[in-house]
Amino acid sequence: MTRSLAILTLLAILSGPVAAQDRDIARQDYFRAVATFFNLPPNEIAILSDWQMPADEIPVVLFMARRAGVSPEALVALRDSGRGWSALADRYTVQSAAFHVPVADDAPTGRLEGAYRLFRSTPVGEWGTIELSDEDIVGLVNVRVISQSLRMPAERVLAETAHTGSFLDLYVRLKR
């Protein structure tokens with residue numbers, strides 16, 4: 001019994017670094033996909049990944065910076081000061097329509113159901129009036145990046161958002 005406990009303890013200790021190493025590899029792979037999507041050198045994404053920001057938000061920084069014509073650093077500074085993505089989109093007039101990822105009307109939309117309900121119930125010409133939450137903005141940008149990076153229908157990526165905690169994890173799972 002004591003020997004079994006010692007072996008289990010040793011295995012748990014040894015598997016910790018492996019899990020962390022796997023996580024680092026997954027994170028690097030996700031960032032490589034983000035860099036490719038935005039046509040940036042991987043070292044630029046590496047710099048962004050050093051900031052104290054969730055990995056899921058780095059594509060949003062780059063998407064908003066491109067749309068708003070501001071530097072990613074400026075957006076990160078504003079985000080660090082407590083501003084949300086929705087407030088930043090308003091400040092830089094990045095309208096909700098820019099975040100929309102087209103899918104079939106009957107497609108399952110996972111955890112972005114609320115955002116798609118708003119898009120579907122609002123005439124296209126009025127999409128600029130839709131107020132998306134920060135989570136919706138992060139989700140929509142990541143669905144676009146993952147879908148195009150993996151050459152996978154957005155409907156499939158959206159449906160899978162219901163079963164994952166982070167978009168980095170979703171990317172890794174769908175890539176398999």
Original post:
Say we join alpha carbon atoms closer than 10 Å with springs in a Gaussian network model of the chain; which of G125, G84, G165 then has the biggest fluctuation?
Top reply: G125
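How do H163, H100 rank when sorted from fewest to most other Cβ atoms within 10 Å of their own Cβ?
By the 10 Å Cβ count, ascending: H163, H100.
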**OP:** Can you give me the P(r) profile for region 32-126? Cα pairs, bins 5 angstrom wide beginning at 0, each as a whole percent.
**Re:** 2, 11, 22, 19, 18, 16, 8, 4, 0
Subject >> Against the rule of thumb 2.2 N^0.38 Å, how large the Cα Rg of the chain comes out >> reply: 1.19
Original post:
What angle, in degrees between 0 and 90 and rounded to the nearest 10, separates the Cα long axis of helix 134-149 from the longest principal axis of the Cα atoms of the chain?
Top reply: 80 degrees
Original post:
With axes computed from alpha carbons, what is the tilt in degrees of helix 2-37 against the longest principal axis of the chain, rounded to the nearest 10 within 0 to 90?
Top reply: 30 degrees
Subject >> Likely footprinting exposure, V143, V70, V94, fewest C-beta neighbours within 10 Å first >> reply: V70, V94, V143
**OP:** DSSP loop (so not H, G, I, E, B), at most 11 other Cβ within 10 Å: list which trypsin sites (Lys or Arg not before Pro) in region 86-170 pass both filters.
**Re:** R151
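Can you pull out the GluC sites (Glu not before Pro) in region 69-176 that DSSP calls coil and that have at most 16 other Cβ atoms within 10 Å? Display every interim value, and only then the final one.
Values: sites: E73, E113, E126, E131, E135, E155, E160; in loops: E131.
Taking region 69-176 and a limit of 16 other Cβ atoms within 10 Å, the loop GluC sites (Glu not before Pro) found are E131.
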Original post:
Looking at L150, V61, V34, which one has the Cα that reaches farthest to the positive end of the dipole of the chain (charges on Cβ: Lys, Arg +1; Asp, Glu -1)?
Top reply: L150
**OP:** Treat the count of other C-beta atoms within 10 Å as a stand-in for reagent exposure and order V138, V172 from fewest to most.
**Re:** V172, V138
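No value in this document is a laboratory result; all are computed from the given coordinates. Not measured: the values here are computed from a predicted model. Ideal geometry is used to build each Cβ from the backbone, glycine not excepted, and the neighbour counts take in all protein chains shown.
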